[in-house]
Structure formats: structure tokens, C-alpha cells
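Q: Quick one: this structure, given as C-alpha cells, is what I'll be asking you about.
The values are calculated or read from the model by the stated rules, or taken from the named source; none is laboratory data. Since we're looking at a predicted model, the values are computed, not measured. Here the Cβ positions follow ideal geometry from the backbone for every residue, glycine too, while neighbour counts run over all protein chains shown.
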């Protein structure tokens, strides 16, 4: 029983946290790709930017002496989402829109987004320094919910921290809201229409400029949520999300580029694959030692991949997907 | 005053002009058909009207104003609709969502228009929850026309509506176009099936090298030995 609890704590819960972060990031990448047809490399840094905005707001609130039972970062999140969305719109207007107006190729836009990456990271380092910060500004401690498992014969509890619990709820709410938006609202349908066939969307009289703006608002605000979650889960630093932009891209591609649900599935798939690959199976298989013959024992570490090579898992999945099903799990845009 | 009037339209994609002076005039009661050899500028003419390429000379008057170089999101609310030849449905959207996209520029209640479209294409009502990509070629063409009609246009432009359809469907699509016309929608279409299309055209335009070569009623053009010899395959 204890082995199962250990598995839940180490794999199920951390996998879901990581999956939520990947999924929310990948939704932005996949929507931007669907509508604007380019790989938005700066998306990781948009996440970092969102986390720093939440950090500044939370610090300001804490400085005013406001103490709340929740981590401050969650309280300020709606405002931070709005600000990140506005900045995302500004970045599009300043850097990508002029290139699109000249009919730039997707590769040119990709290179431009690498420039935006460097710019955002540089600005963050300039303003906040390059050190690591905690987004738990008021010295809040992570409340831990311990679910006693003694009724099932477990000696250890299942541990979920309060931020983790809020992250699960938040991600679920966002996924449902996004689904309703894409399937029920006129603008959401127009967004799917434009991702499906941009020329026909224009011919139908769909206001494509408006759809582009809505895309940035959604991508930017979700990036803020994902970045803040990541900062709550790890720590706040200038290259926070830059480090995970590649698995996020893998998630979007595995799910099928341009496909929002694919990005969610891809995000959780990559996250669980990574978590399972670095998980030390000895911890769970230890009871087997009892039945193994004399002189044989399980090695101390039975992880498939050493933790420092976690990133390769995403790429292995990506390569397999591209070989077996190049359009992704859901049929995405192939260009 | 005609519904739409092109006067000596010159235009192209930047390089040498493809249209070298096209004249077209259509009334609301008309079915206008543009025919001509490949590269004559037939589809280009429709795209020029719809603002999809640069018009550098001449005027396009629609509803009393010059609409040359206006973009679709301005033209659709004015009563102009366009069905492209290829990729003319949103394949991953349901039939009903396709129709809704045609009404994107409308802020009023369009449920009546949707009923009107479903009455015209009953098969679409049955398949309204299905992704448009799963339909047959003929049914897709109906979705495409239905989508274009959702904005309640006064002029519907179709680029080769019969392309790739089996002969049975060609007749059906032409009959549908006539029915739409009888509902008070002016039609301007490009056709490869020249003889068949001209047979029911109230106005025919034979283009060659981006210019009008012959203009007349459909039956007149079919009867003209010169048109028949050069453009209708004898």
C-alpha cells in the first residue's frame, strides 16, 4: 500500500502539475500556430513574463499589509492575466504584425520570436536581476493537505499542497471555459474556422484582425497562468519557462498543431511520460525483493532515464509521433 | 442602374496585369456567366471584385459606389458574397457552423436565413451536425453556397461551381443556382462547362487575355458561329 501512495505522490500528483503547466502553454502555441501559421518560440518567455507580473502584483499587495489565506500569486492572477494579455497584444503589434503586413515567411516570424525571447529575458534580468526568487511573497507557507490512508493499510498519507490543489481546479476550469468558448461562441467558432481555412474565413467576411487579437489575449493570459503555476511549483527566475519551451512545443506537435484539445492531451502525455521515465521504480517494486532468490536484489535506482536527461523523453515521443503519425494525435495542420 | 458594373477594370497580382479592361454589368434578375479559355482572367475577375487582388484601373460600382480594392469584411455586409472554387468549406466545422460563419458579419437574428438555406438544401438539415469535410463533393458545394447565402447577399459570385462534380450533380447545381436567382439574388459565375452554363445565362461574357471578346445573352452567344468555333469547341 505504501508503494502505491508513494507512486501517487511522486507520479500522479507531480505529473498532473507538470501536465497542467505544459497543457496551458501548449494551448497558446497551438492556437498561435493555427491562426498565424508560425512557431511562437517566445511563448516560454511570455509565461515567465506572466509569472513576474504576478510576482510584482503579489509583492505590492503584500507590502500593503494584506494577508490572505491563499498564496498571493493566485489572488492577483486575474489582474496579471489581463496585463500579460495586453503585453502579448503589444508584442504582436510591435514585432509580428509589421512582418505579417509585409508578407513575411513563417521562418522570418520564428526568427523574430527568438529575438523577442532574448528581449524579454534581457528585460527581466535588467529589472529583477538574474537570481532566483520565491513567488510566495508574504512568507506564505505551502499548506499541505495530508490524506490519511491508514484505513487502506497505508502508513504514509497522500500529500497535496494547497497550490497544487488550486492548480488542478484552475486548469480544469480553464479547459472547460476554453471548450465552451471554441464550440459555443461566435468568435470561438470563427477562430476554429480561421485555423481550418484562413482564406475562406476572410472571404466569409470574418474579421480576421479581431480573431488574431483574441488569439493573443487567450495565449497571453494562459501563458500567465502557466508561468505563475510553474513559479509556484519550482521558483521564479528569468529563464523559468524558457527551459521548458521545447517540451511544450513537443506537446503541441504531438497533440496536432492548431488543435486546442490536442495540446491539452499532448501536454499531459509528455508530462506523465517525463515523470514516469525519471521515477525510481525500485521504490514501488521493493516488495519483490522478498521473492527474489538469495543474493539477488533490485538495484537502488531503477529509473528509466536519469533526471538530468528528462528533456530527452519529450523528444523521443516527438520523434516517434512524427514518424508514425506526423499530423499528431488529433489531425492537426501539416504545414 | 445595374446591380454591379465593372468599367474597364485593369488589375493583377503585382507584375503584369492579368485583367486588361473587363466590362461587366449585371442586374439583380440576371444570371451572368463568364466563360473563356484558361488564363483568360475569368476567376481573376471575380477575385478583383472581391478585393482579393489589386485593381489598378477602371471602376467597380456596386450599389452606387466604387468598391474597387475594398476587403471582404467590408463587402459582405454590403451584400456581396463569393464561393471560391476550391477549399470552399471549413472541413473541421459542422455544416451548421459553416453556415454560421457565413453570417459572421450579421448582428441580427439569422435563424430565419438558416431555415431558408435548409429549405433550399434539405440534405444539409439532415447533416447539420456532421463535419463538412465528411460530405460528398456535391453536398460540400451546397454547404459552400449555403454559407455564402447566409449574409443575404444581393449578388452571389461563384467560381466554377460545377468543377469536379459528376454530370448528374452539375445539372442539380445549375438548377439550384437558378432557384437562388429566382429568390432575388443576382448571380455572377465563372464556368468551365461553357455551353451548359450559357444555356441558362441571361448575360454571357466571353473573356480572352483579360478582355471582353463577346458579350450578349447566353443563347445569343451559343448561336454565334464565331463564339461557338473559338470558345465552345465547334
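Q: Test each condition in (1) in contact (Cβ under 8 Å) with a residue 60 or more places away in the chain; (2) at the interface with chain A (Cβ under 8 Å from one of its Cβ atoms); (3) surrounded by 21 or more Cβ atoms within 10 Å (Cβ to Cβ) for residue B:77 and report the one that comes out false.
A: Going through (1) in contact (Cβ under 8 Å) with a residue 60 or more places away in the chain; (2) at the interface with chain A (Cβ under 8 Å from one of its Cβ atoms); (3) surrounded by 21 or more Cβ atoms within 10 Å (Cβ to Cβ) one by one, residue B:77 breaks only (3).
Q: Give the residues of the stretch B:80-105 that are out of contact with any strand residue (DSSP E or B) (no Cβ under 6 Å at 6 or more places or on another chain), at pLDDT below 95 and more than 9 Å from chain A (Cβ to nearest Cβ), sorted by residue number.
A: B:86
Q: Moving on. Just the residues that are more than 10 Å from chain A (Cβ to nearest Cβ), within 17 Å of the chain's Cα centre (by Cα), more than 14 Å from residue B:153 (Cβ to Cβ) and surrounded by 21 or more Cβ atoms within 10 Å (Cβ to Cβ), please, taken from the stretch B:48-57.
A: Residues of the stretch B:48-57 that are more than 10 Å from chain A (Cβ to nearest Cβ), as a first pass: B:48-49, B:53-57.
Filter again for within 17 Å of the chain's Cα centre (by Cα), leaving B:48-49, B:53.
Remaining after also requiring more than 14 Å from residue B:153 (Cβ to Cβ): B:48, B:53.
If the condition is that a residue be more than 10 Å from chain A (Cβ to nearest Cβ), within 17 Å of the chain's Cα centre (by Cα), more than 14 Å from residue B:153 (Cβ to Cβ) and surrounded by 21 or more Cβ atoms within 10 Å (Cβ to Cβ), then B:48 is the only one that fits.
Q: Of all residues in the stretch A:274-309, count the ones that are over 22 Å from the mean Cα position of the chain (by Cα) and without any contact (Cβ under 8 Å) to a residue 12 or more places away in the chain.
A: The total comes to 10.
Q: Identify, from the list A:137, A:175, the residue that is surrounded by 14 or more Cβ atoms within 10 Å (Cβ to Cβ), part of a loop (DSSP other than H, G, I, E, B) and away from chain B (no Cβ under 14 Å).
A: Working: A:175 fails: part of a loop (DSSP other than H, G, I, E, B).
Selected residue: A:137, the only one of A:137, A:175 that is surrounded by 14 or more Cβ atoms within 10 Å (Cβ to Cβ), part of a loop (DSSP other than H, G, I, E, B) and away from chain B (no Cβ under 14 Å).
Q: Okay, next question. May I ask you to list the residues in the stretch A:189-210 that are touching a helix residue (DSSP H, G or I) at 6+ places or on another chain (Cβ under 6 Å) and either more than 10 Å from chain B (Cβ to nearest Cβ) or farther than 23 Å from residue A:24 by Cβ (or both)?
A: A:191, A:193, A:201, A:202, A:203, A:204, A:205, A:206, A:207, A:208, listed by residue number.
Q: Additional query: Take the conditions at pLDDT 95 or above and touching a strand residue (DSSP E or B) at 6+ places or on another chain (Cβ under 6 Å) and apply them to residue A:95. Does it pass? Quick ask: steps written out before the conclusion?
A: Numbers: at pLDDT 95 or above: yes; touching a strand residue (DSSP E or B) at 6+ places or on another chain (Cβ under 6 Å): no.
So residue A:95 does not fit the description; no.
Q: In the list A:80, A:104, A:85, which residue meets the criterion of being without any contact (Cβ under 8 Å) to a residue 40 or more places away in the chain and surrounded by 15 or more Cβ atoms within 10 Å (Cβ to Cβ)?
A: A:104
Q: Listed residues A:203, A:212, A:254, A:217; which is farther than 30 Å from residue A:4 by Cα and surrounded by 24 or more Cβ atoms within 10 Å (Cβ to Cβ)? Walk me through it before giving the result.
A: Values: A:212 fails: surrounded by 24 or more Cβ atoms within 10 Å (Cβ to Cβ); A:254 fails: farther than 30 Å from residue A:4 by Cα; A:217 fails: surrounded by 24 or more Cβ atoms within 10 Å (Cβ to Cβ).
Testing whether each residue is farther than 30 Å from residue A:4 by Cα and surrounded by 24 or more Cβ atoms within 10 Å (Cβ to Cβ) leaves just A:203.
Q: Could you say which residue among B:141, B:178 is in a helix (DSSP H, G or I) and buried (at least 19 other Cβ atoms within 10 Å of the Cβ)? Explain how you work it out, then say what you get.
A: Working: B:178 fails: buried (at least 19 other Cβ atoms within 10 Å of the Cβ).
Being in a helix (DSSP H, G or I) and buried (at least 19 other Cβ atoms within 10 Å of the Cβ) holds for just one of B:141, B:178, which is B:141.
Q: Where residues in the stretch A:159-169 are assigned to a helix (DSSP H, G or I) and touching a residue at least 60 places away in the same chain (Cβ under 8 Å), which of them is farthest from the other protein chains (Cβ to nearest Cβ)?
A: Applying the first criterion (assigned to a helix (DSSP H, G or I)) to the stretch A:159-169 yields A:162-169.
Remaining after also requiring touching a residue at least 60 places away in the same chain (Cβ under 8 Å): A:162-164, A:166-168.
Numbers: A:162: 40, A:163: 37, A:164: 35, A:166: 34, A:167: 31, A:168: 30 Å.
Per the stated criteria, the residue is A:162.
Q: How many residues are modelled with pLDDT of 90 or more, in a helix (DSSP H, G or I) and either under 12 Å from the mean Cα position of the chain (by Cα) or away from every other protein chain (no Cβ under 14 Å) (or both) if we restrict to the stretch B:144-169? Give the derivation first.
A: Looking only at the stretch B:144-169, we keep the residues that are modelled with pLDDT of 90 or more, and these are B:144-162.
Next, from what is left, pick out any that are in a helix (DSSP H, G or I): B:144-149.
In the following step, the residues that additionally are either under 12 Å from the mean Cα position of the chain (by Cα) or away from every other protein chain (no Cβ under 14 Å) (or both) were identified as B:144-145, B:148-149.
So the answer is 4.
Q: As an exercise: evaluate residue B:30 against (1) within 14 Å of chain A (Cβ to nearest Cβ); (2) within 26 Å of residue B:218 (Cα to Cα); (3) in contact with a strand residue (DSSP E or B) (Cβ under 8 Å, 6 or more places away or on another chain) and give the number of the one condition it does not meet.
A: The failed condition is (1).
Q: Examine the stretch B:105-126 for a residue that is more than 22 Å from residue B:184 (Cβ to Cβ) and surrounded by 16 or more Cβ atoms within 10 Å (Cβ to Cβ), and state whether such a residue exists.
A: no
Q: Same structure, new question: Output yes when any residue across the stretch A:125-133 is more than 15 Å from residue A:236 (Cα to Cα) and surrounded by 15 or more Cβ atoms within 10 Å (Cβ to Cβ), and no when none is.
A: No, the stretch A:125-133 contains no residue that is more than 15 Å from residue A:236 (Cα to Cα) and surrounded by 15 or more Cβ atoms within 10 Å (Cβ to Cβ).
Q: Out of everything in the stretch B:124-137 that is touching a helix residue (DSSP H, G or I) at 6+ places or on another chain (Cβ under 9 Å), part of a helix (DSSP H, G or I) and under 20 Å from residue B:86 (Cα atoms), what residue ends up being modelled with the lowest pLDDT?
A: Only one residue tops the list, namely B:137.
Q: For residue A:236, only one of the following conditions fails: (1) farther than 22 Å from residue B:76 by Cα; (2) out of contact with any strand residue (DSSP E or B) (no Cβ under 6 Å at 6 or more places or on another chain). What is its number?
A: Of the numbered conditions (1) farther than 22 Å from residue B:76 by Cα; (2) out of contact with any strand residue (DSSP E or B) (no Cβ under 6 Å at 6 or more places or on another chain), the odd one out for residue A:236 is (2).
Q: Which of the residues spanning the stretch B:18-37 are assigned to a strand (DSSP E or B) and under 21 Å from residue B:199 (Cβ atoms)? Before the answer, list the steps.
A: Initially, the stretch B:18-37 is screened for residues assigned to a strand (DSSP E or B), giving B:19-26, B:31-35.
Result: B:24, B:25, B:26, B:31, B:32, B:33, B:34, B:35.
Q: Here's another thing I want to ask about it. For residues that are more than 10 Å from chain A (Cβ to nearest Cβ) and free of Cβ contacts under 8 Å to residues at least 24 places away in the same chain, scanning just the stretch B:58-74, find the one that is nearest to residue A:209 (Cα to Cα).
A: So in the stretch B:58-74, the residues more than 10 Å from chain A (Cβ to nearest Cβ) come out as B:58-70.
Pick out the ones that are also free of Cβ contacts under 8 Å to residues at least 24 places away in the same chain and you get B:65-67, B:69-70.
Details: B:65: 25, B:66: 24, B:67: 21, B:69: 18, B:70: 15 Å.
Only one residue tops the list, namely B:70.
Q: Condition first: under 13 Å from residue A:11 (Cα atoms), in a helix (DSSP H, G or I) and modelled with pLDDT under 85. Now tell me which residues in the stretch A:267-307 satisfy that.
A: Of everything in the stretch A:267-307, those that are under 13 Å from residue A:11 (Cα atoms), in a helix (DSSP H, G or I) and modelled with pLDDT under 85 turn out to be A:283, A:284.
Q: Next question. Just to verify a result, which residue in the stretch B:33-47, among those that are touching a strand residue (DSSP E or B) at 6+ places or on another chain (Cβ under 7 Å) and within 14 Å of chain A (Cβ to nearest Cβ), is surrounded by the most Cβ atoms within 10 Å (Cβ to Cβ)?
A: Residues of the stretch B:33-47 touching a strand residue (DSSP E or B) at 6+ places or on another chain (Cβ under 7 Å): B:33-37, B:40-46.
In the following step, the residues that additionally are within 14 Å of chain A (Cβ to nearest Cβ) were identified as B:43, B:46.
Numbers: B:43: 17, B:46: 22.
By that ranking, first place goes to B:46.
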